[in-house]
1. Could you give me the residue pairs with C-beta distances under 7 Å whose first residue belongs to the stretch 202-213 and is on the phi > 0 side of the Ramachandran plot, whose second residue is assigned to a loop (DSSP other than H, G, I, E, B) and among the polar types (S, T, N, Q) wherever it lies, and which are 6+ apart or on separate chains?
2. Exactly one of these conditions fails for Asn239: (1) free of Cβ contacts under 8 Å to residues at least 40 places away in the same chain; (2) open to solvent by 30 Å² or more (accessible area, probe 1.4 Å). Give me its number.
3. Search the stretch 286-343 for residues being in a helix (DSSP H, G or I) and β-branched (Val, Ile, Thr), and hand back the single one that is nearest to Gly240 (Cα to Cα).
4. Hey, could you check the stretch 33-50 for residues that are surrounded by 16 or more Cβ atoms within 10 Å (Cβ to Cβ) and hydrophobic (A, V, I, L, M, F, W, C) and say which is nearest to the chain's Cα centre (by Cα)?
5. Quickly run through the stretch 83-103 and pick out the residues that are of a type outside the set (Gly, Ala, Ser), part of a helix (DSSP H, G or I) and under 16 Å from Leu31 (Cα atoms).
6. Just a yes or no: is a residue in the stretch 51-66 surrounded by 14 or more Cβ atoms within 10 Å (Cβ to Cβ) and of a type in the set (Gly, Ala, Ser)?
7. Can you confirm whether Tyr216 is surrounded by fewer than 17 Cβ atoms within 10 Å (Cβ to Cβ), of a type in the set (Ser, Thr, Tyr) and over 23 Å from Ile33 (Cα atoms)?
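The values are calculated or read from the model by the stated rules, or taken from the named source; none is laboratory data. Because the structure is a prediction, the values reported are computed rather than measured. A quick note on method: Cβ atoms are made from the backbone with ideal geometry, for glycine too, and the neighbour counts reach across all protein chains shown. Surface accessibility is based on the protein's heavy atoms, side chains included, excluding ligands, DNA and RNA. Shrake-Rupley method; radii C 1.70, N 1.55, O 1.52, S 1.80 Å.
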Amino acid sequence: MTNLFDGYRKHYHIPSLDLADAAETNRIHTLVISSLLFLFGLLDFIVVVLMHYDNLGQYFISLVYFGFYTIISLFCIVYSRKIKNISREKAYICKTIPVYALICLGIVASIYSFYIMGHPFNGVLIYCLTGFISLCTFSFSPISFAIILTAGIAAIAPGIYRHFGPSGLADSILAMVLMLVLSMYKRSEEKKYITLLKKQKKNLVVQTFGNFTLLYENKVIKFSRSKSPDLIAYLIYKNGSSVKTKELISILYGDNADSARYGASLRNLIVDIKHTLAELEVQDFFISEYNNFRINPEAVKCDWYDFLAGDASAIKNFTGEFMSQYSWAEDVTGFLEMKAMEK
């Protein structure tokens with residue numbers, strides 16, 4: 001048993017801090033998916049009420065189910081918005097809680113369709129879709145995923161055997177095993193990728209004390225557009241938190257900048273950044289998802305991040321200036337001075 005546990009840690013365990021950026025992806029994807037599920041659940045609830053308002057007693061279970069469906073989806077939306085700026089040490093655990101809630105919701109939907117609605121084929125289909133979509137969308141622990149999938153197949157196994165026979169049950173179990181194998185393969189690939197990022201981190205360096213400078217292999221990275229470094233500088237300051245288009249336009253072009261007018265300019269900056277980093281083969285540093293933009297702190301060596309982590313040399317190197325060319329960084333300078341005095 002000990003050897004099995006050690007083998008799992010060696011090939012599949014990733015420290016939570018290394019998964020902080022994956023957690024932010026989980027959060028953003030959760031917001032998108034839970035919003036769609038909330039609308040779906042609410043619409044179904046309203047349809048049941050309108051179509052059967054004179055005989056709701058017979059549809060009590062359906063109303064409870066769709067109400068539960070809507071409430072859980074709404075919880076995922078509200079919770080995911082609330083924890084946006086949580087510390088990176090807690091990010092993976094906290095931002096992945098709604099992921100498991102959504103997976104469990106999918107399993108419950110399969111059980112409901114199978115037994116309550118009397119649609120066994122749809123129940124098995126929803127079970128499989130929940131597993132495979134989760135694999136494509138989220139980052140999570142293979143062990144937790146295995147527990148949820150096993151509980152789900154155990155719940156519908158008697159019905160599968162009754163409706164589809166031994167071969168149908170065997171196929172369903174095979175699908176579950178395939179999903180578990182894929183989850184372990186995905187986690188092993190994540191572990192390898194994080195190892196590569198740590199190697200890249202030695203060559204990709206950000207200097208924030210004094211003027212902002214971005215270097216790769218000891219050379220300043222040069223962009224085609226003058227505001228591209230400004231965009232990256234602000235995202236570096238945000239320390240892995242996602243920033244929406246409107247906030248970036250305000251920072252880059254002023255508080256009263258019109259989103260419609262400057263949206264095209266921002267898109268050009270994003271294209272410039274992606275193209276320049278791609279030419280240098282810099283991976284997973286600048287990330288854009290669903291109108292959200294961020295920097296992955298695990299992909300870059302940065303004095304600001306080292307300072308926040310309590311690194312003694314970073315604290316010593318701070319001389320009272322932080323990204324001096326940007327007015328929005330002035331408040332950060334005061335924060336750093338206070339923290340440096342505390343040390």
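1. Close Cβ pairs (under 7 Å, with a partner that is assigned to a loop (DSSP other than H, G, I, E, B) and among the polar types (S, T, N, Q)) amount to Gly210/Ser324.
2. (1) is the only condition that Asn239 fails.
3. Taking the stretch 286-343 and keeping what is in a helix (DSSP H, G or I), we get 297-299, 303-308, 312-317, 327-342.
Okay, now just the ones that are also β-branched (Val, Ile, Thr), so 315, 332-333.
Numbers: Ile315: 20, Val332: 16, Thr333: 19 Å.
My answer is Val332.
4. Going through the qualifying residues, I end up with Ile33.
5. We begin by selecting, within the stretch 83-103, every residue of a type outside the set (Gly, Ala, Ser); these are 83-86, 88-90, 92-100, 102-103.
After this cut, where a residue has to be part of a helix (DSSP H, G or I) as well, the list is 88-90, 92-100, 102-103.
Those that are of a type outside the set (Gly, Ala, Ser), part of a helix (DSSP H, G or I) and under 16 Å from Leu31 (Cα atoms): Tyr92, Cys94, Lys95, Thr96, Ile97, Pro98, Val99, Tyr100, Leu102, Ile103.
6. yes
7. Details: surrounded by fewer than 17 Cβ atoms within 10 Å (Cβ to Cβ): no; of a type in the set (Ser, Thr, Tyr): yes; over 23 Å from Ile33 (Cα atoms): yes.
For Tyr216, the condition - surrounded by fewer than 17 Cβ atoms within 10 Å (Cβ to Cβ), of a type in the set (Ser, Thr, Tyr) and over 23 Å from Ile33 (Cα atoms) - is not met.
Residue by residue, here is whether (1) touching a helix residue (DSSP H, G or I) at 6+ places or on another chain (Cβ under 9 Å); (2) part of a loop (DSSP other than H, G, I, E, B); (3) not hydrophobic (A, V, I, L, M, F, W, C) holds:
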{"site": "Ser113", "(1), (2), (3)": "yes, no, yes"}
{"site": "Ile133", "(1), (2), (3)": "yes, no, no"}
{"site": "Ala146", "(1), (2), (3)": "yes, no, no"}
{"site": "Leu149", "(1), (2), (3)": "yes, no, no"}
{"site": "Ile160", "(1), (2), (3)": "yes, no, no"}
{"site": "Ile173", "(1), (2), (3)": "yes, no, no"}
{"site": "Leu196", "(1), (2), (3)": "no, no, no"}
